[in-house]
Amino acid sequence: MGRSEQLFEQAVKVLPGGVNSPVRAYRAVGMAPRFITRAEGPFLWDEDGEKYIDYVCSWGPMILGHNHPVVREAVEKAVKDGLSFGAPTRREVEIAQLMVELVPNIEMVRMVNSGTEAVMSAVRLARGATGRDKIIKFEGCYHGHSDCLLVNAGSSALAGGHPSSAGVPEDIVKHTLTAQFNDLSSVEALLDAWPGQVACVIVEPVAANMGVVGPAPGFLEGLRKLCDKSGALLIFDEVITGFRLALGGAQAYFGVKADLVTFGKIIGGGMPVGAYCGSRALMEQVAPCGPVYQAGTLSGNPVAMAAGLAQLTYLKDHPELYDDIAAKAAWLAGRLRKAAEAAGVPVAVNQIGSLLSPFFTPTEVTAFVDAKGSDVGRYAKYFQGMLRHGVALAPAQFEAMFVSAAHTQAELEATARAADAVFAAL
Ligand code: PMP
């Protein structure tokens, strides 16, 4: 038994499922998780000393690769001055100024500690600002684990949904309406059914929690129009796409304006951070300026702000990096398609910017229903095979692969060769 297996045996006795976040338990791929000791550039090392090319990248934030010296040194310097003050600091102002400069249509920023918190707070703000209770989300989009967003589509979508977790009262999710990603008519039907009652439409501008599914042409623009017509606010949940698709995120990439934007991990460079942002008029509805309450002891934590400021400043100073990582992801997507085709394995590879994911299905994947058609058993075998070849992928089908600036052609080619072998053996 390897050290990861030994540690996992101990872990399950003291941590539910042996982990602090469910997907890490590798249940979807039927094996014990690797326990990681260290990461550098595009690589991870586990407790047994095995080295992997990493496409999880801490689920997104490591866009510069792991342990980037600029981010690490900023953290080391900040740590020397103390870990938390619970008081304003200069770096909070600087990072907010930088975000306002880089992201279209935002004038103010409120820092929180996770993507979950960012979205939960943005939804509260949307409700507070509009005086409406209903919200519309999309089936297959994930927005963190706050009560009102843990919802399955109801059998009749026009009624509210059902809780997708125990512990979430029906009464709370009755206000959460579920539409279909890339289907404007499903949104329109909900807005018509609840006239003047929908506070916001929240969307991942590129869905990255059903695997990667980009918005169909006109979809985001259509959401904007429907929101304008109904008075609902449009929230872009950019926890994945923010500072990744482009410096200005999805709003810049697609040229569509959102009313509120949420960010997560990537603005912390690997430290725990989230933020919600919008116009001054909206953001000044938040305490202490306005009636929407939200607070946080560790919000704007000085060490996290130092990491985030260093990462965002580096991205701003190296804008060429975006074309580079997108080109790498496009190359890899093309090579994975070829590998699958050569092996006769039906695979649809979606790629947009530096995000990609293979679905084990013969059809195109442009909607949640297509994504759900992927053969998850095959994905599990693919995952296991790739891991044996030294490539660490997301341990579940319905996640993204993240390419970072640290992945070089050498790692991409090694990944493609591994895929040749693994597809051939499927
Ligand atoms: N929104 C989106 C789009 C996400 O992908 C995630 C998690 N990856 C979240 C919100 C929740 O973020 P966190 O895990 O930091 O709470």
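Considering only residues in segment 48-74 that are without any contact (Cβ under 8 Å) to a residue 40 or more places away in the chain and outside any helix (DSSP H, G or I), the one that is farthest from the ligand (Cβ to nearest atom) turns out to be 49. Got at least one residue in segment 188-201 being within 16 Å of the ligand (Cβ to nearest atom) and either crowded, with 24+ Cβ neighbours inside 10 Å or at pLDDT 95 or above (or both)? There is at least one residue in segment 188-201 that is within 16 Å of the ligand (Cβ to nearest atom) and either crowded, with 24+ Cβ neighbours inside 10 Å or at pLDDT 95 or above (or both).
Scanning segment 209-220 for residues that are more than 16 Å from the ligand (Cβ to nearest atom) and either part of a loop (DSSP other than H, G, I, E, B) or acidic (Asp, Glu) (or both) gives 216, 217, 218. Take residue 132 and decide whether it is within 16 Å of the ligand (Cβ to nearest atom), crowded, with 16+ Cβ neighbours inside 10 Å and of a type in the set (Lys, Arg). No, not satisfied.
When segment 339-353 is filtered for residues that are without any contact (Cβ under 8 Å) to a residue 60 or more places away in the chain and part of a helix (DSSP H, G or I), only 341 remains. Among the residues of segment 386-395, those that are farther than 15 Å from residue 39 by Cα and surrounded by 19 or more Cβ atoms within 10 Å (Cβ to Cβ) comprise 386, 387, 394, 395.
Checked against the criterion of being at pLDDT below 95 and more than 9 Å from the ligand (Cβ to nearest atom), the candidates 112, 123, 151 yield just one match: 151.
In segment 252-278, the residues that are in contact (Cβ under 8 Å) with a residue 60 or more places away in the chain and more than 25 Å from residue 65 (Cβ to Cβ) form Cβ pairs under 9 Å with partners that are within 11 Å of the ligand (Cβ to nearest atom) and among the polar types (S, T, N, Q), at six or more places apart or across chains, as follows: 276/262; 277/262.
For every residue, the table says whether it meets (1) outside any strand (DSSP E or B); (2) touching a strand residue (DSSP E or B) at 6+ places or on another chain (Cβ under 7 Å); (3) within 16 Å of the ligand (Cβ to nearest atom).
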site	(1), (2), (3)
222	yes, no, no
228	yes, no, no
236	no, yes, yes
242	yes, yes, yes
246	yes, no, no
250	yes, yes, yes
267	yes, yes, yes
297	yes, no, no
307	yes, yes, yes
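Just a yes or no: is a residue in segment 35-47 part of a strand (DSSP E or B) and of a type in the set (Ser, Thr, Tyr)? Within segment 35-47 (the criterion being part of a strand (DSSP E or B) and of a type in the set (Ser, Thr, Tyr)), the answer is yes, since at least one residue qualifies. Inside segment 75-98, residues that are without any contact (Cβ under 8 Å) to a residue 60 or more places away in the chain and either part of a loop (DSSP other than H, G, I, E, B) or surrounded by fewer than 11 Cβ atoms within 10 Å (Cβ to Cβ) (or both) make up a count of 3. From the list 64, 15, 44, 7, the one residue that fits, being touching a strand residue (DSSP E or B) at 6+ places or on another chain (Cβ under 6 Å) and at pLDDT 95 or above, is 44.
Just for helices (runs of 4 or more DSSP H) wholly inside segment 111-208: which have at least 2 residues that are in contact (Cβ under 8 Å) with a residue 60 or more places away in the chain?
Filter on segment 111-208 gives 115-130.
Of all residues in segment 252-265, those satisfying the criterion of being assigned to a loop (DSSP other than H, G, I, E, B) and over 21 Å from residue 58 (Cβ atoms) are 255, 256, 257, 258, 259.
The values are calculated or read from the model by the stated rules, or taken from the named source; none is laboratory data. Everything numeric in this text was worked out from a predicted model, so none of it was measured. Virtual Cβ from ideal backbone geometry, glycine too; neighbours counted across all protein chains shown.
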